[in-house]
Amino acid sequence: MGGDENNRRFYLTTPIYYINALPHLGTAYTTVIADIIARFKRMQGYDALLVTGSDENSQKIVLAAEEAGRNPLKFCDEMVQHYHEAWRMLDIGPYKYVRTTEERHRKLVQFFFQRVRDAGYIYKGEYSGYYCTPCETFYTEKELMGEGLCPKCERPTHEVSEEAYFFKLSAFQDYLEKLLRPEAEFVVPDFRLNEMRARVDEGLADVCISRSSLEWGIPLPWDDTHVFYVWVDALLAYVTGSGFDFEQPEKPHYWPAQLNLMAKDIPWFHAIIFPALLRAYSESCKDSRLKLDHVEQMLVHGYWLYGESKMSKSRGGAISPREVVELVCSDGLRYFFAREVPLGLDGTISLEAIVNRYNYDLGNDLGNLLNRLLTMTEKYFGGVVPETPEYRESDAELRELTAKQRDEALGLLERYELSRALEETFAIIRECNRFIDQRKPWVLGKKPHRAEEFTGAFCVLFDAVRAVAILLAPVMPSAMQKLWEQLGLEGRVEDATFADAAKPYPRGNRIGRAHPLFPRVDLNEQTPAPAAPEESGEPDAVEENDMAENMIEFADFQKMEIIVAKILSAEPVAGADKLIKMQMDDGRGGRQTVAGIAPWIKPEDLVGLYVPIVANLKPARLRGELSEGMLLAAQDDAGNLSLVVMQEEIAPGSKVV
Ligand code: MSP
């Protein structure tokens, strides 16, 4: 469909997956990235359609169904439900799902190839070569890795020799050379384009499009002793998903797609075979409404590796998407996918890497910023964002930085550079945190003559966090909706357009209640750890000092080693009123610690106590006495002191966590 109507449409696809096994982090990756781009486009005002689906006419489906004791279609029916469930869990949506066993798809494939044949591009021959069933790919002998292994998955291939129909790919050499010229950016990133160009430059051989040794699949309309080779039927799922209907070509649809997403394993099919097929088909369509143009662009990403090997259904699926979502929610995984590696490159995945990203970027930087802002607003302004007459010169730096980073981020999103876009967005967040540290609103608030400065600072911060929520919404739709509500903003954050990101936060608005958005995750515990900095955040429980001056990174807290020690003996330090020196059993051969607690505790009362000590404090000399480590005690305003003591006896050396 041409014309204006199409201008605001954006149609993008994931590969349609082989559903012989459950979705894993590799397939989740492509689907999440596609969903982020779809949401981004919607927030730019596009009517964006995301299509995903399942490639069901493959040999490996038959094998997996056999193993499960089901017929292939029943088996697929069940597996499709798991895929929908996974996509729901990962906040994918809305999307349309195409199954290649659907009737509408079968009819389209048959109609399409009949035209290709009518145009003279299909002939019958004999195929002999090698076939990798897990990859559903044909290879020539010289393409194999040593010992007859598949060059892609390194598993054994088997020799096939059967009657087959061929597509005259060789006739499209010139067409493809033009399509793949660098300035057209048909494939991104450019190093993947170069790979495809190199393959075309080698000279194109005709390709096999049917199997006569299989029964499962879509029969050729002119010869039902053959079924279509699964790959050529699968590519047409994108046309099926667009809503194109050859029986009613006037019906609105989304073809041509703007973007096909995939990993580096399959651009050959998408960037070379598919455009040639579409071209061949269109040549025989007299009715121009039936013609189908090629997809506008291929976005090719790298692989996620687990250790050394690729995450896949059969290997390396060691971490399930569910396991990750249970730890860091869908937002945490989506953020990791988008931020960890630039699209196009390979990345290594591990639970540790996912949790670290979550804790540091989301928990420490973003979670803390929100928490500090809301807590202080509650405390100083009763939860209502103040009115401020106008922006102050002294806040210009943060305002300008927010505007600059915001525009950079949008430009990068436009080019699908998600990781860099997130970097720019997080630069705003870090700058806001720095701004709070430097301005110390809790100090400003005590100085009436600086009231304007005080309220102005809050307004600038609210403007920045509002912009951040909009920029991050495509990546973390659930968390940003919650953030939006905590900011006291109405409606759905995703209903805002990116142009809205430049607007100010409404003055005089009442904020919502602060709840930790990204509670810290401790992998060793597998439960949220108690000392999450972000969790210090219930408004009235937070003191000024906690909020800013004394805020430390969790990593800083982790540097402290607190262990239990038993006080074996204690005596005053000669010549010092306050100091007591203690010999302790610390489970590590003993130590001496000196503490200034003599006015409150008698040495004899200390003996036998089990106390926590900061064990890795640099040793010091107090009045000539070596002190290794420090006791913990609380002191109130009246000067009373209470020593922190373990409630129960516990082995000296035990860690306090
Ligand atoms: N059925 C074909 C695609 C036909 S599209 C017309 C197929 N299916 S697949 O289930 O094997 O999916 C391959 C795709 O899954 C990759 O191109 C990529 O999008 C995604 N990934 C599978 N494993 C992956 C990684 N380990 N890392 C990144 N992407 C991964 O091929």
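The values are calculated or read from the model by the stated rules, or taken from the named source; none is laboratory data. Because the structure is predicted, anything quoted here is derived from the model rather than measured. Note that each Cβ is placed from the backbone with ideal geometry, even for glycine, and that neighbours are counted across all protein chains shown. For the accessible areas, the whole protein counts, side chains as well, though only heavy atoms, and no ligand, DNA or RNA atoms are used. Shrake-Rupley method; radii C 1.70, N 1.55, O 1.52, S 1.80 Å.
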Dividing the alpha-carbon radius of gyration of the chain by 2.2 N^0.38 Å, where N counts its residues, gives 1.23
How far, in nm, would the chain grow between E141 and K251 when pulled straight, counting 0.36 nm per residue and subtracting the alpha carbon separation?
35.0 nm
Over the chain, what is the percentage of antiparallel beta bridges among all DSSP beta bridges, to the nearest 5?
70
So for region 9-301: antiparallel DSSP bridges make up what percent, rounded to the nearest 5?
50
CD proxy, 222 nm, the chain: helix-only mean residue ellipticity via -39,500 (n - 2.57) per DSSP H run with n ≥ 4, per residue, nearest 500, stands at -11000 deg cm²/dmol
Place a point 7 Å from Cα of Y175 in the direction of its Cβ. Which residues in region 281-299 have their backbone N less than 13 Å from it?
281-285, 291-295
Taking the Cα centroid of region 626-645 and of region 33-84, what is the distance between the two, rounded to the nearest whole Å?
61
I'd like the accessible area for H82: 1.4 Å probe, protein heavy atoms, all chains in place, Å² to the nearest 10.
80
Proximal lysines relative to K655, as straight alpha-carbon distance under 24 Å, when same-chain residues fewer than 8 apart are discounted
K559, K566, K581, K618
Dipole of the chain (Lys/Arg Cβ +1, Asp/Glu Cβ -1, origin at the Cα centre): which of W231, G608, A271 lies farthest to the positive side?
A271
For the chain, find the longest principal axis of its Cα atoms and tell me its angle to the long axis of helix 477-486, 0 to 90°, nearest 10.
40
With the crude spin-label approximation of a point 7 Å out along Cα→Cβ, what separation in nm comes out for S320 versus A576?
5.8
Starting from the Cα of K178, draw a straight line to each of the lysines and keep only those under 25 Å, dropping any in the same chain fewer than 8 residues away.
K168, K264, K286, K291
Students often forget the sequence filter, so: which lysines lie under 19 Å Cα-Cα from K96 once same-chain residues fewer than 8 apart are removed?
K41, K107, K251
HN-Hα couplings for region 70-83 via Karplus (6.51, -1.76, 1.60; θ = phi - 60°), in whole Hz with x for Gly/Pro, come out as 10, 7, x, 5, 4, 4, 5, 3, 6, 5, 4, 4, 5, 5
Treat every Asp and Glu Cβ in region 544-643 as -1 and every Lys and Arg Cβ as +1, leave all other atoms uncharged, and give the resulting dipole magnitude about the Cα centre to the nearest 20 debye.
560
Report, to the nearest 10°, how far helix 274-283 tilts away from the longest principal axis of the Cα atoms in the chain, using its own Cα long axis and a range of 0 to 90°.
40
Can you pull the one-decimal nm distance between simple spin-label points at D636 and D223, each 7 Å off the Cα toward Cβ?
9.4
Within region 234-264, which residues have the backbone N less than 19 Å from the label spot 7 Å out from E185 along Cα→beta-carbon, could you tell me?
256-262
Magnitude of the Cβ-charge dipole (Lys and Arg +1, Asp and Glu -1) of the chain about the Cα centre, nearest 20 debye, reported as 500
When Lys and Arg each count +1 and Asp and Glu each count -1, what net charge do the other residues less than 10 Å away from H105, Cβ to Cβ, add up to?
0
Mean separation of Cα contacts under 8 Å, 6 or more apart, over the residue count of region 336-449: relative contact order %
37
What percentage of the solvent-accessible surface of the chain, computed with a 1.4 Å probe over protein heavy atoms, is contributed by carbon and sulfur atoms?
48
Enumerate the amide H contacts of S54 below 5 Å, restricted to partners 5 or more residues apart or on another chain; note that Pro and chain-start residues carry no placed amide H.
Y17, V98, R99, T100
Rounded to the nearest 0.05, FRET efficiency between E561 and E67 (Cβ-Cβ, R0 51 Å) equals 0.45
Highest mean first, how do 616-627, 486-497 rank when packing is the count of other Cβ atoms within 10 Å averaged over residues?
486-497, 616-627
Ordering of 399-412, 351-364 by burial proxy (mean other Cβ atoms within 10 Å per residue, highest first)
351-364, 399-412
Accessible area of W268, 1.4 Å probe, to the nearest 10 Å²?
50
Only Lys, Arg, Asp and Glu count, each charged at its Cβ (+1, +1, -1, -1), so figure out the dipole size of region 360-502 about its Cα centre, rounded to 20 debye.
600
How much net charge surrounds I354 when only other residues with a Cβ under 14 Å from its Cβ are counted (Lys, Arg +1; Asp, Glu -1)?
-2
Difference of contour (0.36 nm per residue) and Cα-Cα distance, N509 to N616:
33.8 nm
Gain upon complete extension [A598, H158; 0.36 nm per residue less C-alpha separation]
150.0 nm
To the nearest Å², the heavy-atom accessible area per residue of the chain with 1.4 Å probe amounts to 44
Using the alpha-carbon atoms, what tilt in degrees (0 to 90, nearest 10) does helix 190-201 show relative to the longest principal axis of the chain?
20
Which value in nm describes the separation of the simple spin-label points at E553 and N524, placed 7 Å from the Cα toward the beta carbon?
1.9
Summed over the other residues with a beta carbon less than 15 angstrom from that of T593, with K and R at +1 and D and E at -1, the charge totals +2
